[in-house]
Amino acid sequence: MKYVLITGGVVSGLGKGVTASSIGVVLKACGLRVTSIKIDPYLNIDAGTMSPFEHGEVFVLDDGGEVDLDLGNYERFLDVTLTRDNNITTGKIYQSVLEKERKGDYLGKTVQVVPHITDAIRNWIESVAVIPVDGNEGPADVCVIELGGTVGDIESMPFIEALRQLSFQVGPDNFCLIHVSLIPVLGVVGEQKTKPTQHSVRELRALGLTPHLLASRSAEPLLEATKEKLSQFCHVPVNNILNIHDVPNIWHIPLLLRNQNAHDSILQQLNLVSHATPPDLQQWTEMAESYDNLTESVRIAMVGKYVGLTDSYLSVVKALLHACVACSFRPSIDWIAASDLEDDSAKSTPEAHAAAWKTLKSAACVLVPGGFGDRGVRGMMLASKYARENNVPYLGICLGMQISVIEFARSVLGWERANSIEFDAQTPNPVVIFMPEGSRTHMGSTMRLGSRRTLLQTRDCITSKLYGNAEYVDERHRHRYEVNPDVIGTLEEAGLKFVGKDESGKRMEILELPSHPFFVGVQFHPEFKSRPGRPSALFLGLILAATGKLEAHISSIHENGS
């Protein structure tokens, strides 16, 4: 197995995940099979219990793993299906070592960070690296490992030591280290400063790891003088200093790396030159350039509770991008804080209230994504009601679906106190209830998680047609509450149709409003499986409906008989 390690220096948030994904894309374009591992040095077992405000969205895998959003980048860029074990955390490592200690596996030894924790890290990496993730049999050729955080962090020290040991164990021909660092420009002087990178590389070398390539992040392309200075002081050849400067969209990053012959340097370091072909990135180039040339845009109202940090909805944003590009539009996302739509904000923050409603009413479609907690729920109901009553295309995901059911029960059935048990335990009309297998005491990994099958109850519904007249769909879930099966009959008599159910027939997965041009709610998260060039069917449907192209698209599917 060949390993490519991506580390970061100077500051966090430099885009190591996109860099790691892009390196994987270039190596894959050279005919190599690629897998990836993300190391997160935090003590949490997984990302499931962390606030989206602090860490961005929680990405869900087929096997139910709740992982860092960078694994979403890997899946989208490399078109692979990863497992929960592809995300290593300090919590997972310590948990596995402590379980062994309790069982007596260490035979009376003193359990220490070195060698026990570092051995566990190394063994985990080596065992996960050989698991195929691209649908083919046998291990991949290259494993790209991203070490989260910044070199020098106390949390990442055991991982740095384990990776130093790994590099020594596998030998120089099987290990390539790429250090991502910031090259700032001071406003007054206007000079590209290399000193922070010099210090970062010095720290890395002091820990026993020497970078083979430098990936320098900067606003503008690096000057030759800057590259030469970096080369001299960081002991990295000039040809191995890559510049990842700001680009119009992140699909350009693999092209940027290819144009700087990053693959040549990596392949030489890994002794893979004879196994690789010149990188074929024609389709990728067309995709990146087609987006740059789009002139028309479609306005999408995103009504949520975490709109202060767009990474909270990263996969939703990417799914909208994939769908819009497929329809030859640029996505123009109007972020609306759900609480700003509520009546209370009309009194407390009238300007924000007026602006939110103006934005909502000028959008071509409305999307309410998932979330937890009762903040902003009334605002989401108002957005759902507006879309329902004004024939505006609407897509509700997870909480967004539940919201639409509550709003429908209140407005159409006249159940004024209809609610979810999550928001009002005493509601006389619980239209959304707590799931039977959920845990009320433990938060981590106790939801309905991962890929589950949804059976479509009829072919004569928008969702089935968008999925190519499918009888069933397999999508990823992450929820604790669901629509109460006891009220389904009443809701359906009033016009709300539940066209997708699980295999037991008791869990409501997809709802539609047949009298509406496009009003769809889904309990699952279709955004997690969306890919560039292969957009999620429901996101595509939303954009097609918003641009008046839905009927023509469905007709073409019917004619093709797919």
- Message: Would you confirm whether or not the range 312-322 contains a residue that is at pLDDT below 95 and open to solvent by 50 Å² or more (accessible area, probe 1.4 Å)?
- Response: no
- Task: Answer yes or no: is there a residue in the range 330-352 that is touching a residue at least 60 places away in the same chain (Cβ under 8 Å) and within 16 Å of Ile397 (Cα to Cα).
- Result: no
- Hey, does the range 477-496 have a residue that's closer than 30 Å to Ser332 by Cα and open to solvent by 20 Å² or more (accessible area, probe 1.4 Å)? yes
- Item | Residue ranges of strands (runs of 3 or more DSSP E) in the range 448-562 with at least 2 members without any contact (Cβ under 8 Å) to a residue 40 or more places away in the chain and in contact with a strand residue (DSSP E or B) (Cβ under 8 Å, 6 or more places away or on another chain) | 472-479
- Item | Within the range 216-241, tally of residues that are touching a Pro at 6+ places or on another chain (Cβ under 8 Å) and either β-branched (Val, Ile, Thr) or open to solvent by 20 Å² or more (accessible area, probe 1.4 Å) (or both) | 2
- Task: Look at the range 325-339 and say how many of its residues are farther than 27 Å from Ala352 by Cβ and either within 19 Å of the chain's Cα centre (by Cα) or not hydroxyl-bearing (Ser, Thr, Tyr) (or both).
- Result: 4
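Output yes when any residue across the range 205-213 is of a type outside the set (Ser, Thr, Tyr), in contact with a helix residue (DSSP H, G or I) (Cβ under 7 Å, 6 or more places away or on another chain) and part of a strand (DSSP E or B), and no when none is.
Kept after step one, since they are of a type outside the set (Ser, Thr, Tyr), are these residues of the range 205-213: 205-209, 211-213.
Keeping just the survivors that are in contact with a helix residue (DSSP H, G or I) (Cβ under 7 Å, 6 or more places away or on another chain) gives 207-209, 211-213.
Restricting the remaining residues to those that are part of a strand (DSSP E or B) gives 213.
Within the range 205-213, one or more residues are of a type outside the set (Ser, Thr, Tyr), in contact with a helix residue (DSSP H, G or I) (Cβ under 7 Å, 6 or more places away or on another chain) and part of a strand (DSSP E or B).
One line per residue, one yes/no per condition, for (1) over 17 Å from Ile406 (Cβ atoms); (2) modelled with pLDDT under 95:
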position	(1), (2)
Arg478	yes, yes
Ala494	no, yes
Ser504	yes, yes
Phe519	no, no
His525	yes, no
Arg531	yes, yes
Leu538	yes, no
Gly541	yes, no
His558	yes, yes
- Task: Spot the failing condition for Ile300; the list is (1) farther than 26 Å from Gly376 by Cβ; (2) of a type outside the set (Asp, Glu); (3) not in a helix (DSSP H, G or I), and only one is missed.
- Result: (1)
- Which numbered condition Pro254 misses (of (1) assigned to a helix (DSSP H, G or I); (2) over 27 Å from Leu69 (Cα atoms); (3) assigned by the TED database to the domain that holds Leu14): (2)
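Assess whether Pro532 counts as being surrounded by fewer than 24 Cβ atoms within 10 Å (Cβ to Cβ) and within 13 Å of Leu320 (Cβ to Cβ).
Values: surrounded by fewer than 24 Cβ atoms within 10 Å (Cβ to Cβ): yes; within 13 Å of Leu320 (Cβ to Cβ): yes.
Yes; evaluated as a whole, the condition is true for this residue.
Within the range 45-76, how many residues turn out to be of a type in the set (Val, Ile, Thr), within 18 Å of Ser530 (Cβ to Cβ) and not in a strand (DSSP E or B)? First the steps, then the outcome.
If we filter the range 45-76 for residues that are of a type in the set (Val, Ile, Thr), which is where we start, we get 45, 49, 58, 60, 67.
Those still in the list that are within 18 Å of Ser530 (Cβ to Cβ) too: 58, 60, 67.
Cutting the leftovers down to not in a strand (DSSP E or B) gives us 58.
Residues that pass the stated criteria total 1.
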- Residue by residue through the range 345-388, note down the ones that are of a type in the set (Val, Ile, Thr) and part of a helix (DSSP H, G or I). Thr359, Val377
- Query: Here are Val18, Val58: which of them is open to solvent by 20 Å² or more (accessible area, probe 1.4 Å), touching a residue at least 60 places away in the same chain (Cβ under 8 Å) and over 21 Å from Leu209 (Cα atoms)?
  - Reply: Val18
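The values are calculated or read from the model by the stated rules, or taken from the named source; none is laboratory data. Small disclaimer: the values here were computed from a predicted structure and weren't measured. We place every Cβ from the backbone using ideal geometry, glycine too, and count neighbours over all the protein chains shown. Ligands, DNA and RNA are excluded from the accessible area calculation, which covers all protein heavy atoms including side chains. Shrake-Rupley method; radii C 1.70, N 1.55, O 1.52, S 1.80 Å.
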